[in-house]
1. Taking other Cβ within 10 Å of each residue's Cβ, how do I34, I156, I175 sort, fewest first?
2. Give me a comma-separated list of calculated 3J(HN,Hα) values for segment 178-185, in order, Karplus coefficients 6.51, -1.76, 1.60 applied at θ = phi - 60°, integers in Hz, x for any Gly or Pro.
3. Could you name the aspartates and glutamates whose alpha carbon sits less than 15 Å from that of K108, not counting residues in the same chain fewer than 8 places away?
4. What share of all Cα pairs of segment 151-206, in percent, falls into each consecutive 5 Å distance bin?
5. Straight distance only, please: which lysines reach the Cα of K181 with their own Cα at less than 19 Å, same-chain residues fewer than 8 apart left out?
6. In what order do M157, M113, M164 fall by count of nearby beta-carbon atoms within 10 Å, going from fewest to most?
7. Would you kindly state how much longer the chain becomes between S15 and C172 on full extension, computed as 0.36 nm times their sequence separation minus their alpha carbon distance, in nm to one decimal?
8. Could you check the spin-label model distance between R185 and E42? Points 7 Å from the Cα along Cα→Cβ, value in nm.
Amino acid sequence: MINDSIRILIVEESSVFRVGLLSLTQGADDLAAIDAVATIGEALDSVSRGIVDVILYGVEGWGPEVESGLLELSAAAPGKPVIILSQENRFGFIQEFLGIGVRGYLPKNVSDMYLLSVVREVSRDERCVFLSVPSGDVRSLSSNLRTPLSRREHEIMSLVARGMTNAQIGNCLAITQGTVKRHLRNIFVKLNAVSRLDAVNKAQTAAPLVPA
């Protein structure tokens, strides 16, 4: 029954992979796919129409559109765990996804049983994070998790410290002003900041801001 199931939203551009994920979740008694869509726009529409417990988001690489999409999903479904499924296995991507609040980063060839177990765990326990990280990067990951800001947020604060406007920051990083604003809102919350100057001072205390 869907009322007792973990409600999953599948966001995957590839129709073949999307159908595969849909079939996988439909085969589990305790899971229910509420929708399977190809774009972030469709995902946002789906979130607005129903309750979601876990979001499975398939991506092919990191870029401004993925970053913006994750921020929009986070705003539309606050606190809901997002599990990224990707062929990419680059450490920088993993760090950036974590900075936006993603709770899982797994390869697309992950086993069915493991993927389903991750879905169940992140739904049950908000402290759980599951990553497919090269063993040589584990120590670096641990070090980076001690700082409150993601790599992108740190870049933005470095530009804020130089007195740049949101428009200038967007042009510099090739992202929209809306994405800059969403990042700044997240930064203010993480740092408990009340102004741009306050955020710069607190970010500088957490980790030195390197001029861009």
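No value in this document is a laboratory result; all are computed from the given coordinates. What you see is a predicted model, and the numbers here were worked out from it, not measured in a lab. Virtual Cβ from ideal backbone geometry, glycine too; neighbours counted across all protein chains shown.
1. Sorted ascending by nearby Cβ count, the order is I34, I175, I156.
2. Whole-Hz 3J(HN,Hα) from phi for segment 178-185: x, 5, 4, 4, 5, 4, 5, 4.
3. Of all the aspartates and glutamates, those that pass the test against K108 - Cα under 15 Å, at least 8 places apart if same chain - are E12, E13, E60, E88.
4. The calculated distribution, bin by bin, is 4, 22, 37, 24, 11, 1.
5. K190, K202
6. Starting with the residue having the fewest Cβ neighbours, the order is M113, M164, M157.
7. 53.1 nm
8. About 2.5 nm, to one decimal.
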